[in-house]
Amino acid sequence: SVPILIRLFPNILTKFVFLNFLAFPFFVDLRHPELLLNNTISLYLTTEPDITVGIWHTVPGSRASESQGKDQRWYEEALADEHPVIIYLHGNGGTR
């Protein structure tokens with residue numbers, strides 16, 4: 001019966017392979033990463049009209065003391081300095 005259900009409803013297979021309906025860790029507001037991770041801030045980029053991408057900017061531990069108490073503007077300026085930027089693409093599960 002499972003192959004028949006998958007044939008009739010292919011979206012079921014996608015849900016169980018990628019499990020993108022699960023949000024882990026549970027009951028955590030990922031819009032505020034500073035509560036979970038040190039030296040991290042949440043930013044939003046508008047890539048196209050009506051499309052906004054949420055990103056986290058985490059500075060390395062070597063800049064931890066420098067980033068304490070800084071606002072969003074400092075993190076945005078830190079993206080433009082001479083330090084390398086590593087981009088991690090996590091997928092489209094709806095969480096970061």
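The values are calculated or read from the model by the stated rules, or taken from the named source; none is laboratory data. As the structure is a prediction and not an experimental result, all values here were calculated from the model. All Cβ positions, even for glycine, are placed from backbone atoms using ideal geometry, and neighbour counts span all protein chains on display. The area values use the complete protein model at the heavy-atom level, side chains included, leaving out ligands, DNA and RNA. Shrake-Rupley method; radii C 1.70, N 1.55, O 1.52, S 1.80 Å.
Descriptive notes on the structure:
- Counting protein heavy atoms only, the chain has 61 percent of its accessible area on carbon and sulfur, 1.4 angstrom probe.
- Among Asp81, Asp50, Asp71, the largest mean-square fluctuation in a Gaussian network model of the chain, built with springs joining Cα atoms closer than 10 Å, belongs to Asp50.
- Looking at the chain, the accessible area is 85 square angstrom per residue; that uses a 1.4 Å probe and ignores ligands, DNA and RNA.
- Summing Cβ point charges (Lys, Arg +1; Asp, Glu -1) relative to the Cα centre of the range 27-79 gives a dipole of roughly 200 debye.
- Between Ile55 and Leu30, residue separation times 0.36 nm minus the direct Cα-Cα distance comes to 8.0 nm.
- In this structure, Thr14 and Leu45 have a Cβ-Cβ separation that, at R0 = 25 Å, corresponds to a calculated FRET efficiency of about 0.40.
- Highest mobility in the GNM of the chain, judged by mean-square fluctuation with C-alpha springs under 10 Å and restricted to Val85, Val17, Val28, is found for Val17.
- Around the Cα centre of the chain, unit charges on the Cβ atoms of Lys, Arg, Asp and Glu (plus for the first two, minus for the last two) sum to a dipole of about 600 debye.
- The residue list Ala64, Thr52, Val17 was ranked by how far each Cα lies along the charge dipole of the chain toward its positive end, using unit charges on Cβ atoms, and Val17 comes out on top.
- Top of Pro49, Pro60, Pro33 by mean-square fluctuation, Gaussian network on the chain, Cα under 10 Å: Pro49
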